[in-house]
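Below is one structure, written out as structure tokens, with a few remarks after it.
The values are calculated or read from the model by the stated rules, or taken from the named source; none is laboratory data. Computed from a predicted model, the values in this text were never measured in an experiment. Note that each Cβ is placed from the backbone with ideal geometry, even for glycine, and that neighbours are counted across all protein chains shown. What goes into the accessible areas is simple: the full protein's heavy atoms, side chains included, and nothing from ligands, DNA or RNA. Shrake-Rupley method; radii C 1.70, N 1.55, O 1.52, S 1.80 Å.
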Amino acid sequence: MTALSTMRALTDAFPTPFAVIDARRTIVAANQAMRDVLGEDIVDYHYTRACRRPSILDAVERAFGVGAMEEAEFSETVQGRTSHFNVICSPLEVEGSAHVSLSFEDVTSSREITAMRSDFVANVSHELKTPITSILGFVETIQGPAANDEAARNRFLSLMAREAERMNRLVHDLLSLNRVEVNEKVRPMDRVALNALVSHTAEVLQPLAEARDISLKIELPDALCHVTGHEQQLVQVLRNLAENAIAYSPSGNEVRVRLTAPAYEVALHGNGMRLIIEDDGQGIDPVHIPRLTERFYRVDSHRSREVGGTGLGLAIVKHIITRHRGRLEIKSKLGSGSRFTVILPADMSAR
């Protein structure tokens, strides 16, 4: 076996994109992973034909020139998704001739995580800044101009309590989201009766619906519906979706909560039940639907804050449903209300 064939065999063994460039600047070996990134026909051609990124060209030439490892960065967008690579150029000597190895380390996930963390901190800071600023302003007013005005003082204390409650809800939802994310890959093992859960939760929400002049209707199947899950988290899903439907429905409208009997669900490749929360409210523009479960994403920020929303509720719902190996379907149209459907695997065992 020649040195070239040996080098190509070793190159093919690398799991990450890897290539070797000889002194003539020709790519003499490249594994499939590298060909997937730079193109299928790159071997036996000058490396600038495969990659024209100035940062990589400079790193390769520096590696040849100084005989030391050089690094660069490379980003590529394919079908709307951008991948980021850390490029490492290392000098090699093959049969007395200078070569440079070119390897790509995919750092897309770490970049995305860093961006998510940055966005998360920025969003939390933004959500907390407004109520904190309001409270500080109210305190300053009570200590100053309103110090001897009992009516004004009471009004400002009431406003401070509202802003403090808003921060409390945000902290509660942040902690809840963190707990759900930590345990998302741990499947819950309790047997939960959905009929009773829906009935009890509807009773708890009835006063809220009456206060907004909303008719809350529930529809349960005759058959008992059980899932393997975490009862309190499933209550959280139902309450969040039903409270949203009530909060965003105009007075005098109806919110319907319906549970279906176990049946085969294509999305689950097995038997499942559907928990459907439907309203006749203002609806949601379909353009927003793909992003509704993102943290802090709001269709109408002002309206959401007015009704006490933190922008985390649907993110929590999504993570809980994922933990239960379920699916969430959202259908809505402006002016025609919304329908949220939670599909959960049925527990058909007789315990």
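For Arg191, nonlocal amide neighbours, meaning residues 5 or more places apart or on other chains whose placed amide H falls under 5 Å from its own, are Gly229.
In the elastic network of the chain, a GNM with C-alpha springs shorter than 10 Å, the most mobile of Gly270, Gly144, Gly281 is Gly144.
The C-alpha atoms of the chain define a longest principal axis, and helix 231-247 lies at about 70 degrees to it.
Find the accessible area per residue for region 121-250; the probe is 1.4 Å, ligands and nucleic acids are left out, and the unit is Å². List each step's numbers first, then the result.
On the way: 7580 Å² over 130 residues.
Accessible area per residue, region 121-250: 58 Å².
Between the amide H of Leu92 and those of His99, Val100, Ser101, distances stay under 5 Å, these residues lying 5 or more places away or on another chain, with hydrogens modeled in the peptide plane.
Rounded to the nearest 10 degrees, the inclination of helix 150-182 to the longest alpha-carbon principal axis of the chain is 50 degrees.
So which trypsin sites (Lys or Arg not before Pro) in region 177-286 pass both tests, a DSSP loop state and at most 10 other Cβ atoms within 10 Å of the Cβ? Before the final figure, lay out each step's value.
On the way: sites: Arg179, Lys185, Arg191, Arg212, Lys217, Arg239, Arg256, Arg258, Arg274; in loops: Lys185, Arg212.
In loop regions of region 177-286 (DSSP not H, G, I, E or B), the sparsely surrounded trypsin sites (Lys or Arg not before Pro) are Lys185.
Principal-axis analysis of the Cα atoms of the chain puts helix 313-323 at an angle of about 60° to the longest axis.
Please work out which option in (1) 58, 29, 16; (2) 33, 24, 17; (3) 55, 31, 17 gives semi-axes √(5λ) of the Cα gyration tensor in Å calculated from these coordinates, and answer with its label. Working out semi-axes √(5λ) of the Cα gyration tensor in Å from the coordinates points to (3). With the charge dipole of region 258-302 set up from +1 on Lys and Arg Cβ and -1 on Asp and Glu Cβ about the Cα centre, the Cα lying farthest toward the positive end among the listed residues Val299, Leu275, Val287 is that of Leu275.
On the accessible surface of the chain, probed at 1.4 Å, how many percent belong to carbon and sulfur atoms? Kindly include the intermediate steps, with their values, before the conclusion.
Values: 10080 of 19310 Å².
Answer for the chain: carbon and sulfur cover 52 percent of the accessible area.
With the contact rule set at Cα under 8 Å and sequence spacing of 6 or more, what percent relative contact order holds for the chain?
Working: 583 pairs, mean separation 39.4, N = 351.
Answer for the chain is 11 percent.
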